[in-house]
Amino acid sequence: MEAPTLDETLLHNRDYTLILAKTAIDHALRPPGFSKRWVAAQKAILTLMQTCEKFDSDGLTLYLSCCGTQGKGLFKQYRHVTSSYLEPILQSNFPPERVELEEVLQMALDDYFGRKAIGKTKPNGEMILVLLDGEPSDRPAMIKTIKAATQQMQTDEELGIGLIQIGEDAIARGFLSMLDKDLQASGAKFDIVHYKQLEAIEFNSLTEFLLNVLND
């Protein structure tokens, strides 16, 4: 059965969160050219932010991976960020060797549901877009967190999670594709995950991509 087409109005009156899960370069483990992937992706990320700004005029919430004490990865949160501030923020942060993606995803979800509980969310809900460059090390925890979030939702279109892969890590692709295709089969109330590799996204039709996050 073909999924119904969603109206673009669902993208309005919605908050947008962007998670940039960038990791540092390990030349022994990363394939040739890996170091340049985020540099090449920066223009695409900027275009993505500018598209989201059309629907979220008060700016996005941005989570950016950075090095904490003893090299431990953590995420800094920036509120009401516009695309004009993206480059300075990226230049001021140094990525860790690895990130715990479930931790920041839980932070973003807690932030949304906390605001929802006190009536501070927008009528159409929220969209969380995650850009990552490798396989998450905390896969079972990610699945559990996303499934738990769906149990707090009233409608399928209230919340969408877009996973955007930087690069071609085959193991990461398999896991992210599974989240996209098999989430409800594993017990989620709604299918809220949409996965794409960055190079597969048509940046002249980003509105369609955003709608697909809500109508996967």
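Computed from the coordinates by the stated procedures, all read-outs in this text should not be read as laboratory data. What you are looking at is a predicted structure, and each value in this text was computed from that prediction instead of being measured. Note that we place each Cβ from the backbone using ideal geometry, even for glycine, and neighbour counts take in every protein chain shown.
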Which value, in debye to the nearest 20, gives the size of the charge dipole of the chain about its Cα centre, when Lys and Arg are +1 and Asp and Glu are -1 at the Cβ?
600
Mind telling me which of 167, 114, 125 comes out most flexible in a GNM of the chain, alpha-carbon contacts under 10 Å?
114
Whole-Hz Karplus couplings 3J(HN,Hα) for segment 153-158, θ = phi - 60° and coefficients 6.51, -1.76, 1.60, Gly and Pro as x, run 8, 9, 9, 5, 8, 5
Looking only at trypsin sites (Lys or Arg not before Pro) in DSSP loops with at most 16 other Cβ atoms within 10 Å, what is the longest site-free stretch of the chain?
1-71
Expected max-MSF residue from 136, 88, 96 in the GNM of the chain (alpha carbon, under 10 Å) is 88
As a test, work out the antiparallel percent of DSSP beta bridges whose residues both lie in the chain, rounded to the nearest 5.
25
Please check the chain for the longest run free of GluC sites (Glu not before Pro) that are loop-located per DSSP (anything but H, G, I, E, B) and have at most 10 other Cβ atoms within 10 Å.
3-201
Quick one: net charge around residue 16, please, counting Lys, Arg +1 and Asp, Glu -1 for every other residue with C-beta under 11 Å from its C-beta.
-2
One quarter of the convex hull surface, Cα atoms only: what value does that give for segment 8-214 in nm²?
11.1
Theoretical ellipticity at 222 nm over the chain - DSSP helices of four or more residues, -39500 (n - 2.57) apiece, nearest 500
-11000 deg cm²/dmol
Which cross-chain or sequence-distant (5 or more) residues have an amide H under 5 Å from the amide H of residue 16, H modelled 1.01 Å from N in plane?
61, 127
Listed residue pairs exceeding 29 Å between alpha carbons, taken from 43/76; 54/144; 43/116; 76/120; 22/54; 122/144:
54/144; 43/116
Check which residues have an amide H placed less than 5 Å from residue 215's amide H, if you skip close sequence neighbours.
none
In percent, how large is the relative contact order of segment 87-216, given Cα pairs closer than 8 Å and 6 or more residues apart?
24
From the phi angles alone, apply the Karplus equation (6.51, -1.76, 1.60; θ = phi - 60°) to segment 198-210 and give each ³J(HN,Hα) in whole Hz, x where the residue is Gly or Pro.
3, 5, 8, 7, 7, 7, 8, 9, 5, 4, 5, 4, 5
